[in-house]
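Just below is one structure, and these are the notes that go with it.
Only the coordinates and a few stated rules stand behind these numbers; no lab work does. Just so we're clear, the structure is a prediction, and the values are computed from it rather than from any experiment. Neighbour counts are summed over all protein chains in view; Cβ atoms, including those assigned to glycine, are modelled from backbone coordinates with ideal geometry.
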Amino acid sequence: MYKFAILMSVVVFLLFATNFAYAQKPQLATFQEIAQVIVDQKLSNNVTASVTLQSTSNQEIRIPSELERRILDTEGLIAVVVTSEERCILGVEFDSCVLINISREGIEGGIVAIQDRAKEVGDSLIDELNTTLDTDAKFHSVFVHFEDNANVALDTSGVVSGRGTVSAVYTMSKEDTASMYEKLTSILLPQVIRDSGGFYNTARNLASQPNAKMTFSILPQNQIALYQIKVTVDYPNSADDVEIVDPLKFLKAEKLERSNYFSQGFYPLNSLFQVIVLTQEPLKVKEVNSKIIPTILSNGEKFPKDITEKGWSFISESGDKIEAMYLFGKDFTVTKDELVLTLTSADSTEPIKENIAKSSSQEIDLSQVYIIVGIVAAAAVAIAFYLKGFRAKH
């Protein structure tokens, strides 16, 4: 699924990303903003809120072309991660980290050979990374990841951390997340994106929370690099009561606004908001305060039938994993109240109640459905790489 999603993203980017002016049909730009709230009763009893800004263009997230080429050409490299996580791996405390992650696959000679290869790859990149990001990270250790419980539970690809990954770890003096966000975004994001607001401002506000963490990641695959800036806040022991899910409470926002960077065309999938609820007992969605967008099934995957409308699209609306994506349609703002979800026992047979005035949905011909499926498959890359959050496995 991971490689298929990447392939689909390349195809759709080539088809749609080049036309950036006043188009009537849905398009997909290379820059994306994604917000997410995970309510996790199953593993941690935590709620995790995050905002991710990402692009496959090194002009929108500015990395020198020479460094990008070196990263893409490095065999076995699966991620470069700069993080303010205090314990990025076992043995590191109260420092920020640069993790240069490689795959163990294909390395012969046992654990020593694996560690030597990881350090070789890390050392070949760290000086240039330090120069680009204005950091001063020094070698600390090599860490071999053996567990991927969270990846399994959340259905992630495990490309950032998890079983089969080896990290060359470089550490530097701890910097508070708000300062790190201001510094790195001023280096990485062009002025036009910073001035366009949207999720960039939401992430900036979230970064000021006392336990906020930040990561900047470079994820190469098939000669394309995905660049991601992500701010995350964990709320410990906050997942007990999931009867009413008020996701913007955890993003510390009264409303969620899209970036004005997308105002010169129709880019409905470049701003996404996702909620995942992992429950101890099966539940189902009882009420929503927005429109529900019907889904279509293609190759076993669910896609929203109409991305021109705003509202919730449910990948799963019942069971022990509820997953929903809010689409903005043609709108640029959604309020806190509009995003509230009410859950109930999975035994309930009542249909989901939409607490809005119903509107007739727009008819879409078959050719448009195929276009939408392609675009949504590409947008799924926004989740497939890293959306579920950077978690070091101890």
- Task: Highest first, please rank the peptides 213-222, 308-317 by the mean number of other Cβ atoms sitting within 10 Å of their residues.
- Result: 213-222, 308-317
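Where does the charge balance sit around T185 when Lys and Arg score +1, Asp and Glu -1, over other residues with C-beta under 14 Å from its C-beta?
Numbers: positive: R62, K183, R194, R204, K230; negative: E33, E60, D134, E175, E182, D195.
Overall, the nearby charge balance is -1.
Around E350, what is the net charge, scoring Lys/Arg as +1 and Asp/Glu as -1 over all other residues with Cβ under 13 Å from its Cβ?
Values: positive: K284, K286, K353; negative: E287, E317, D347, E354.
My count for the surroundings of E350 gives -1.
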- Task: State whether the range 166-264 is rounded, prolate or oblate according to the following rule on the C-alpha gyration tensor (a ≥ b ≥ c being the square roots of its eigenvalues): a/c under 1.5 gives rounded; otherwise a/b larger than b/c gives prolate, and the remaining case gives oblate.
- Result: oblate
- Cα-based shape type of the range 198-334, given that a ≥ b ≥ c are square roots of the gyration tensor eigenvalues and the cut on a/c is 1.5: rounded
- Note on the structure: Around Q54 (Cβ within 11 Å, Cβ-to-Cβ, excluding Q54; K/R +1, D/E -1) the net charge comes to -1
- Go through 109-118, 29-38 and give me the packing order, highest mean Cβ count within 10 Å leading. 29-38, 109-118
